[in-house]
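J.: Below are the structure tokens for one structure; questions will follow.
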Amino acid sequence: MKIITIPKIKKHCAVIGGGVIGLSIAWRLLQANVNVTIFERNTLARGATHAAAGMLAPQIEAEPSEEILLNFLLQSKALWQDFAGELEAASGMSVDYRTEGTLEVAMDGDQLRHIRDRYTYLDSLGLQMIWLSAAECREREPYLGRSVQGGIYSADDHQVDNRKLAKALEIAVRNAGGIIREHTNILNFTQKNSTVTGVETTAGIENFDTVIVTTGAWTKQLLGQNFPMPVPVRPVKGQMLCVQMDAAHPLIRHVVRSPEIYMVPRLDGRLLIGATLEEKGFNTQITFGGMRQLIEAAWAVLPALDEYPIVETWAGLRPGTLDDAPILGKTPIENLLLAVGHYRHGILLTPLTAKILSEIVLQ
Ligand code: FAD
Ligand code: GLY
């Protein structure tokens, strides 16, 4: 008797949205031998992914009453170093994962009280932080302004270059056989008997076994009013600017924050300064007030910035949610999955989100 083995039919999965979340889920699925098509209405990774600062900072950004989210952020952070190594091997490019750590400094008495309270709170959670005197802050970062009062050092809050991350994910997806369809707006998904059957583009309907929505701040526009569960994602604007330092002699080496600002040095000498937090709908204008807020706060921390050119300004839309946590997983529509609402932590949450969503698809 001859035994005939019937080849397993590969699943075909559509990912709507080509930011870090969509790209990383696609990469993990392709590695597991699933066919994947990514639909992106613009060019890849020009949404929040492009606008971000790339901080991987669960500890220093921990907020009171967000302990469940913190646990999730820490789990993702624990995956990051291996994820970066694996992605660099798959793409052949560096994502500039940096481990110098993060310094939060106080520039006056009010800020000192504020970050002392934060230190007490972070310490109560068992997070590893070091309290620094003013002199110790300046030992670590000699260009800090003379009025520095003290600070916190977090060795485990790292950074990655988010734009390189997105490029590396794109290469890894293409190398693994993923199909990327840029300039293709998804108008809707199609369903039969409460099971998703595909997506609707301006050119017509295409069939898929699974559809994953990773449309960031624009998710409500896609899902519409009649979606059978609340998906309260809203755009939260962040303006940023970038100063060009001398790459051989950067002003700072750590990520440096104050209660009003963060500054993220890149290996090529760019210094990212951010960010505003504004409820302005889908408006992404650069405003005088936004830039003034960033420049004044940055100048207080690093007065030497006066001499350096501003080389870029931009604004992006964080996908905010009611509790600042992402919305991940199954929906009442069979095989329609969500990975949206990563708010201020989507770069940090990339490895864990990709793991969770790919495991659900492969169940
Ligand atoms: P996006 O990158 O916005 O991608 C969504 C994509 O979906 C877009 O490309 C869009 O064009 C596409 N799309 C939407 N609708 C459709 C449709 N109907 N059809 C086809 N395509 C569609 N996070 C950190 O972890 N660390 C940080 O330091 C950090 N800093 C930030 C600073 C700023 C100023 C901002 C704005 C965000 C920051 N974030 C940070 C947050 C992080 O950038 C986001 O959480 C993350 O990028 C979300 O990724 P995403 O793929 O879900 O969304
Ligand atoms: N996580 C930094 C920001 O959202 O601005």
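The values are calculated or read from the model by the stated rules, or taken from the named source; none is laboratory data. Bear in mind that the values here come from a model prediction, so they are computed numbers and not experimental data. Methodologically, a virtual Cβ is constructed for each residue, glycine included, from the backbone with ideal geometry; neighbour enumeration extends over all protein chains shown. Side chains are part of the model used for accessible areas, which takes the heavy atoms of the whole protein and leaves out ligands, DNA and RNA. Shrake-Rupley method; radii C 1.70, N 1.55, O 1.52, S 1.80 Å.
J.: Leaving ligands, DNA and RNA out of it, work out the accessible area of MET245 with a 1.4 Å probe and give it in Å² to the nearest 10.
T.: Rounded to the nearest 10, the figure is 10 Å².
J.: Sticking with this one: Using a 1.4 angstrom probe with every protein chain in place, what is the largest-first accessible-area order of SER24, SER124? Present the calculation step by step, with values, prior to reporting the outcome.
T.: Values: SER24 0, SER124 90 Å².
Largest accessible area first, the list is SER124, SER24.
J.: Could you state the accessible area per residue of the chain in Å², with a 1.4 Å probe and every protein chain left in place? List each step's numbers first, then the result.
T.: Working: 16560 Å² over 363 residues.
Spelled out: the 1.4 Å probe surface of the chain, per residue, equals 46 Å².
J.: Right, another one. Please list MET55, MET263 in order of solvent-accessible area, largest first, computed with a 1.4 Å probe with all protein chains present. Don't skip to the answer; put the middle values down first.
T.: On the way: MET55 30, MET263 0 Å².
From most exposed to least exposed: MET55, MET263.
J.: Now a separate question. Given a 1.4 Å probe and every protein chain left where it sits, what share in percent of the accessible area of the chain is carbon and sulfur? Kindly include the intermediate steps, with their values, before the conclusion.
T.: Working: 8450 of 16560 Å².
About 51 percent, which is the carbon plus sulfur part of the accessible surface.
J.: Once both labels are modelled 7 Å past Cα along the beta-carbon direction, what's the THR287-ASP246 spacing in nm?
T.: 3.8
J.: Please label the shape of the range 1-138 as rounded, prolate or oblate, based on the square roots a ≥ b ≥ c of the eigenvalues of the alpha-carbon gyration tensor (a/c under 1.5 means rounded; beyond that, a/b larger than b/c means prolate, else oblate).
T.: Details: a/c = 2.82, a/b = 2.42, b/c = 1.17.
Here the range 1-138 falls in the prolate category.
J.: Filter the chymotrypsin sites (Phe, Trp or Tyr not before Pro) in the range 223-299 to those in DSSP coil with at most 12 other Cβ atoms within 10 Å of their Cβ, and list the result.
T.: Details: sites: TYR262, PHE282, PHE288, TRP299; in loops: PHE282.
For chymotrypsin sites (Phe, Trp or Tyr not before Pro) across the range 223-299 that sit outside H, G, I, E and B with at most 12 neighbouring Cβ atoms in 10 Å, the list reads PHE282.
J.: Still on this structure, please answer the following. Using a Förster distance of 30 angstrom, determine the FRET efficiency expected from the C-beta separation of ARG146 and ILE171, and round it to 0.05. Please report the intermediate quantities before stating the final value.
T.: Details: r = 45 Å, r/R0 = 1.52.
The calculated FRET efficiency here is 0.10.
J.: Taking Cα centroids, how far is the range 309-363 from the range 272-295 in Å?
T.: 22
J.: Another question about this same structure. Ranked highest first by the average count of other Cβ atoms within 10 Å around their residues, in what order do 340-351, 70-81, 28-39 fall? Could the numbers behind the result be given before it?
T.: Values: 340-351: 26.1, 70-81: 17.6, 28-39: 20.0.
Output ranking for 340-351, 70-81, 28-39: 340-351, 28-39, 70-81.
J.: Also: If you average the alpha carbon positions of the range 90-144 and of the range 179-245, how far apart do those two centres end up, in angstrom?
T.: The range 90-144 and the range 179-245 have Cα centres spaced 37 Å from each other.
J.: Right, next: Hey, what's the per residue convex hull volume over the C-alpha atoms of the chain, in cubic angstrom? Mind dumping the intermediate values first?
T.: Working: hull volume 56.8 nm³, N = 363.
Per-residue hull volume (Cα only) is 156 Å³.
J.: Spin-label point model (7 Å from Cα, Cβ direction): what's the LEU125 to ASN185 distance in nm?
T.: With each label point 7 Å from Cα toward Cβ, the separation is 4.0 nm.
J.: Compute the acute angle (0 to 90°) between the alpha-carbon long axis of helix 20-31 and the principal axis of greatest extent of the alpha-carbon atoms of the chain; round to the nearest 10°.
T.: 50
J.: I would also like to ask the following. With a 10 Å radius around each residue's Cβ, average the other Cβ atoms per peptide and rank 246-255, 100-109, highest first.
T.: My ranking of the peptides, most packed first, is 100-109, 246-255.
J.: Here is a follow-up. Dividing the convex hull volume of the Cα atoms of the range 309-363 by its residue count, what figure in Å³ per residue is obtained?
T.: Values: hull volume 6.5 nm³, N = 55.
Taking the convex hull of the Cα positions in the range 309-363, it is 117 Å³ per residue.
J.: Count the DSSP beta bridges whose two residues both fall in the chain, then state the antiparallel fraction as a percent rounded to the nearest 5. Provide the component values of the computation, followed by the final result.
T.: Values: 49 of 68 bridges.
Just about 70 percent of them are antiparallel.
J.: May I ask for the angle, rounded to the nearest 10°, between helix 162-175 and the longest principal axis of the chain, with both axes built from Cα atoms and the value confined to 0 to 90°?
T.: 20
J.: Please list, by residue number, every one of the trypsin sites (Lys or Arg not before Pro) in the range 138-234 that is coil in DSSP and has at most 10 other beta-carbon atoms within 10 Å. All intermediate terms of the calculation are to be shown ahead of the outcome.
T.: Values: sites: ARG138, ARG140, ARG146, ARG163, LYS164, LYS167, ARG174, ARG181, LYS192, LYS220; in loops: ARG146.
Loop-located and lightly packed - ARG146.
J.: Could you pull out the GluC sites (Glu not before Pro) across the range 235-311 that fall in loop regions by DSSP (anything but H, G, I, E, B) with no more than 11 other Cβ atoms inside 10 Å?
T.: GLU279
J.: Using bins 10 angstrom wide from zero, how does P(r) for the range 180-243 break down, in % of all Cα pairs?
T.: Taking all Cα pairs of the range 180-243, the binned fractions are 17, 46, 25, 9, 3, 0 percent.
J.: In debye, nearest 20, what is the charge dipole magnitude of the range 91-173 about its Cα centre with +1 on Lys and Arg Cβ and -1 on Asp and Glu Cβ, if you could check?
T.: Values: 10 positive and 14 negative charges, 32 e Å.
The calculation lands at about 160 debye.
J.: Sticking with this structure for a sec: Calculated FRET efficiency, LYS192 and LEU322, Cβ-Cβ r, R0 30 Å, to nearest 0.05?
T.: Numbers: r = 32 Å, r/R0 = 1.05.
For LYS192 and LEU322, the calculated efficiency is 0.40.
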